[in-house]
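Colleague: Dropping the structure in here first, questions after.
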Amino acid sequence: MKLNIALLAGDGIGPEVIDQAVKVCNAVAKKFDHEISWTSAITGACAIDAVGEPYPDATHEICMAADAILFGAIGDPKYDNDPKAPVRPEQGLLLMRKKLGLFANVRPTFTFPSLIDKSPLKRERIEGTDLIILRELTGGIYFGERGRKDNGNTAFDTCTYTREEIVRLAKLGFEMAMKRSKRLCCVDKANVLESSRLWRETVQDMEKDYPEVTVSYEFVDAVAMRLVQWPSSYDVMITENLFGDILTDEASVISGSMGLMPSASIGLHTSLFEPIHGSYPQAAGKDIANPLATVLSAAMMFEDAFGLKEEAELIREVVNKSLAEGIVTEDLAGESKAYKTSEVGDWLAKNI
Ligand code: IPM
Ligand code: MN
């Protein structure tokens, strides 16, 4: 099969972890006789430095023309402490989501048998966790009307949702639940927010189309607690943009390292695959960052964008093997030898 992939390495550790995923993908392509054509493009702080904008049109065109996008991370500390910066790297990510219509962010959370004791949570709490948070990605407070009034002394951000936006996200949730345990949890704040009441009403209306799915409705504050108390009690969860942003970071603790969790963003045009971690600037250029979240995102790409399940499974198997054999970066090494980012990538590619 011919795979036409846009490669957006981004900032910080992005290029280093992307390099490892590319090694792994190329090894998979060789083994299964696929032909990958990579097209690199800039986004984030490096794009601001180069052309003054974080998601240039040229990058958008490359993304639109590709079959899938593999993305590293964006962000640079020089913007973090400057609330007055006129243009920020994160805007690149938001623009990319909006322009590519990536309305659903799929973030699975699972445990790795060999790492279960690395989690700060007790083994008996997290064992067997296998959940998916489906986060709405192009609406809500991220994209609502915002501004200042009273000479800049009052600020507002608005959370707006249309029924249509909720339906298309919830539909994916119901379909995912049908393929899994047929349990769906709708996370909202319907006791306070009108937008949450529309979510709840809309999802309730859709229940009749999926009679086999059992839907629970839970408030986001209670979920924040139960997610770390009994994560294995959840399966597919759907939620709006900001709640999903917060809950998915929280959920990453379950697996033991943020450096492990992959994600897929899907929608109207090309799907995008990225690690859930950020650009980790303190580690940039040091060859120490954990490349597994990006490698596992590449596995999601093989399966979801190309329907190549066997290829995806092989990547996951080799990742599990590297963890079991202790071929890991310093975030996971503990007292044992820590391998470099590039060494982990080489080992994975060789073992493919
Ligand atoms: C994420 C990130 C982004 C978000 C930032 C970088 C804009 O935290 O992908 O979760 O808030 O969506
Ligand atoms: Mn986030």
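Colleague: Which of the residues spanning region 122-141 are surrounded by fewer than 17 Cβ atoms within 10 Å (Cβ to Cβ) and assigned to a loop (DSSP other than H, G, I, E, B)?
Modeller: K122, E127, G128
Colleague: Something else: Are any residues in region 6-32 open to solvent by 10 Å² or more (accessible area, probe 1.4 Å) and more than 21 Å from the chain's Cα centre (by Cα), and if so, which ones?
Modeller: Those that are open to solvent by 10 Å² or more (accessible area, probe 1.4 Å) and more than 21 Å from the chain's Cα centre (by Cα): N26, A27, K30, K31, F32.
Colleague: Please go through region 80-109 and give me each residue that is assigned to a helix (DSSP H, G or I) and crowded, with 20+ Cβ neighbours inside 10 Å, ordered by number.
Modeller: Hits for region 80-109 are P89, G92, L93, M96, R97.
Colleague: Do we have D221 as away from ligand 2 (no atom under 16 Å from the Cβ), charged (D, E, K, R) and under 19 Å from E16 (Cβ atoms) here?
Modeller: In short, no.
Colleague: Examine region 144-158 for a residue that is modelled with pLDDT of 95 or more, within 30 Å of P83 (Cα to Cα), charged (D, E, K, R) and in a helix (DSSP H, G or I), and state whether such a residue exists.
Modeller: Checked against the condition, which is being modelled with pLDDT of 95 or more, within 30 Å of P83 (Cα to Cα), charged (D, E, K, R) and in a helix (DSSP H, G or I), region 144-158 yields no hits at all.
Colleague: Within region 248-256, identify whether any single residue is surrounded by fewer than 16 Cβ atoms within 10 Å (Cβ to Cβ) and away from ligand 1 (no atom under 16 Å from the Cβ), and answer yes or no.
Modeller: No, region 248-256 contains no residue that is surrounded by fewer than 16 Cβ atoms within 10 Å (Cβ to Cβ) and away from ligand 1 (no atom under 16 Å from the Cβ).
Colleague: Can you find a residue that is polar (S, T, N, Q), more than 13 Å from N105 (Cα to Cα) and either in a helix (DSSP H, G or I) or assigned by TED's automatic domain parsing to the domain that holds A312 (or both) anywhere in region 214-229?
Modeller: Taking every residue of region 214-229 in turn, at least one turns out to be polar (S, T, N, Q), more than 13 Å from N105 (Cα to Cα) and either in a helix (DSSP H, G or I) or assigned by TED's automatic domain parsing to the domain that holds A312 (or both).
Colleague: Could you list, in sequence order, the residues of region 230-242 that are in contact (Cβ under 8 Å) with a residue 12 or more places away in the chain and assigned to a helix (DSSP H, G or I)?
Modeller: Within region 230-242, P231, S232, N241, L242 qualify.
Colleague: Considering region 243-264 alone, what residues qualify as being in a helix (DSSP H, G or I), among the aliphatic types (A, V, I, L, M) and either modelled with pLDDT under 95 or within 22 Å of Q204 (Cβ to Cβ) (or both)?
Modeller: Selection gives L247, A251, V253, I254, M258, L260.
Colleague: Given (1) within 11 Å of the chain's Cα centre (by Cα); (2) not in a helix (DSSP H, G or I), identify the lone condition not met by L296.
Modeller: Evaluating L296 over (1) within 11 Å of the chain's Cα centre (by Cα); (2) not in a helix (DSSP H, G or I) leaves (2) as the failure.
Colleague: OK, next. Yes or no: region 211-222 includes at least one residue that is open to solvent by 10 Å² or more (accessible area, probe 1.4 Å), within 27 Å of D117 (Cβ to Cβ), within 20 Å of the chain's Cα centre (by Cα) and of a type outside the set (F, W, Y).
Modeller: Within region 211-222, not a single residue is open to solvent by 10 Å² or more (accessible area, probe 1.4 Å), within 27 Å of D117 (Cβ to Cβ), within 20 Å of the chain's Cα centre (by Cα) and of a type outside the set (F, W, Y).
Colleague: If you scan region 259-287, which residues turn out to be more than 14 Å from D249 (Cα to Cα), of a type in the set (S, T, Y) and under 14 Å from the mean Cα position of the chain (by Cα)?
Modeller: If the condition is that a residue be more than 14 Å from D249 (Cα to Cα), of a type in the set (S, T, Y) and under 14 Å from the mean Cα position of the chain (by Cα), then S265, S271, S279 are the ones that fit.
Colleague: Check L268 against each of (1) within 28 Å of I69 (Cβ to Cβ); (2) outside any helix (DSSP H, G or I); (3) away from ligand 1 (no atom under 16 Å from the Cβ); (4) in contact with a helix residue (DSSP H, G or I) (Cβ under 8 Å, 6 or more places away or on another chain) and name the one condition it does not meet.
Modeller: Just one mismatch for L268, condition (4).
The values are calculated or read from the model by the stated rules, or taken from the named source; none is laboratory data. In this text, all values refer to a predicted model and were calculated from it rather than measured experimentally. Every residue, glycine as well, gets a Cβ built from its backbone with ideal geometry; the counts of neighbours run over all protein chains shown. The area values use the complete protein model at the heavy-atom level, side chains included, leaving out ligands, DNA and RNA. Shrake-Rupley method; radii C 1.70, N 1.55, O 1.52, S 1.80 Å.
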